Amino acid sequence: SIKACLFDLDGVLVDTAKYHYLAWKRLAEELGFEFSEHDNERLKGVSRMASLDILLSIGGIDLDKATKLELAERKNNWYFEMITKMDDSEILPGALDFLKDCRENGLKVALGSASKNAMTILNNTGLTPYFDAIIDGTRTTSAKPDPEVFTLGASELGVLPEQCVVFEDAEAGIEAAQRAGMRSVGIGSPISLGKANLVVASLGEMTVTRLQEIASV
Ligand code: B16
Ligand code: MG
């Protein structure tokens, strides 16, 4: 049976994509090109430096490593300024209730995020106490679709991969779950997340009962 739930952060528990977008857009404008919300979809779930590479390819700009590190840091400073103002009103619909439901039913809960800013976001939204383990971008060396973030989460919780369900909004995250040998629930559209065991529009559609149903497939 299912013993643990592993949650992605951006797009599953909170919507920080809008802040990432504003900060990347500002950087693009300073570099002299437009960056649309449609372009921003390509950055979801992707690490900071990989995101910058995608952004620069959209602008047709080639830069050396040192300049790229400097630009990534500037983007992050703008982003950080925005997330320090976050509060619990920015938790996505159904997320808090489902986290509580998990804990009340004795399930272990972990975070599996690519973000190096995860702790700031969890603390500002008051979500930190809901987690038994927190694996974020400061603790991993390989990005999703590599399974590292989830494998580490399961081992820290003391559960087996087949006892875990991963909640993800990004295709790369669903692939990471599969490579880790875990079941997955996609949050968003069945078109892009079709490989998940179940796809829901938001965590508002999830219950622990529904979770155990996934375990039988
Ligand atoms: P940072 P997740 C990801 O969070 C975001 O979806 C992605 O857009 C971002 O580039 C990445 O974190 C790194 O974030 O710059 O804060 O380290 O979806 O894995 O929770
Ligand atoms: Mg995400």
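Each reported figure results from applying straightforward, stated rules to the coordinates on display, with no laboratory input. Keep in mind it's a predicted model, so treat the numbers as computed, not measured. When we count neighbours, we look across all protein chains shown, and the Cβ atoms used for this are built from the backbone with ideal geometry, even at glycine.
For the reader, a short list of remarks on this structure follows.
- Residue satisfying all of: in the stretch 34-46; touching a residue at least 12 places away in the same chain (Cβ under 8 Å) and in a helix (DSSP H, G or I); nearest to ligand 1 (Cβ to nearest atom) among these: L43
- In the stretch 59-80, the residues that are among the hydrophobic types (A, V, I, L, M, F, W, C) and under 23 Å from the mean Cα position of the chain (by Cα): L69, L71, A72, W78, F80
- Being within 13 Å of ligand 2 (Cβ to nearest atom) and over 30 Å from G106 (Cα atoms) is a description that does not apply to S57.
- Close Cβ contacts (under 7 Å, 6 or more residues apart or on different chains) running from residues in the stretch 1-16 that are touching a residue at least 12 places away in the same chain (Cβ under 8 Å) and more than 6 Å from ligand 2 (Cβ to nearest atom) to residues that are in a strand (DSSP E or B) and among the basic types (K, R) comprise K3/K108; A4/K108.
- One residue stands out in the stretch 162-173 among those that are under 11 Å from F150 (Cβ atoms) and away from ligand 1 (no atom under 12 Å from the Cβ): the one that is surrounded by the most Cβ atoms within 10 Å (Cβ to Cβ), namely C164.
- Scanning the stretch 91-117 for residues that are within 11 Å of ligand 1 (Cβ to nearest atom), over 12 Å from F7 (Cα atoms) and buried (at least 21 other Cβ atoms within 10 Å of the Cβ) yields S115, N117.
- Restricting attention to the stretch 193-207, the residues that are without any contact (Cβ under 8 Å) to a residue 24 or more places away in the chain and surrounded by fewer than 16 Cβ atoms within 10 Å (Cβ to Cβ) total 2.
To keep it simple, each residue is scored yes or no on (1) part of a loop (DSSP other than H, G, I, E, B); (2) of a type in the set (K, R).
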{"position": "E175", "(1), (2)": "no, no"}
{"position": "G181", "(1), (2)": "yes, no"}
{"position": "G186", "(1), (2)": "no, no"}
{"position": "I191", "(1), (2)": "yes, no"}
{"position": "G194", "(1), (2)": "yes, no"}
{"position": "V199", "(1), (2)": "no, no"}
{"position": "R210", "(1), (2)": "no, yes"}
{"position": "I214", "(1), (2)": "no, no"}
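- Under the condition of being surrounded by fewer than 16 Cβ atoms within 10 Å (Cβ to Cβ) and either among the aromatic types (F, W, Y) or over 23 Å from K195 (Cβ atoms) (or both), the residues counted in the stretch 140-152 number 1.
- Taken over the stretch 176-192, residues that are charged (D, E, K, R) and surrounded by 19 or more Cβ atoms within 10 Å (Cβ to Cβ) amount to 1.
- Among the criteria (1) away from ligand 2 (no atom under 13 Å from the Cβ); (2) buried (at least 18 other Cβ atoms within 10 Å of the Cβ); (3) not hydroxyl-bearing (S, T, Y), the one N40 does not fulfil is (1).
- Enumeration of residues in the stretch 1-33 that are assigned to a loop (DSSP other than H, G, I, E, B), under 13 Å from K44 (Cα atoms) and more than 8 Å from ligand 1 (Cβ to nearest atom): D15
- For the stretch 70-89, the tally of residues that are of a type outside the set (K, R) and surrounded by 13 or more Cβ atoms within 10 Å (Cβ to Cβ) stands at 9.
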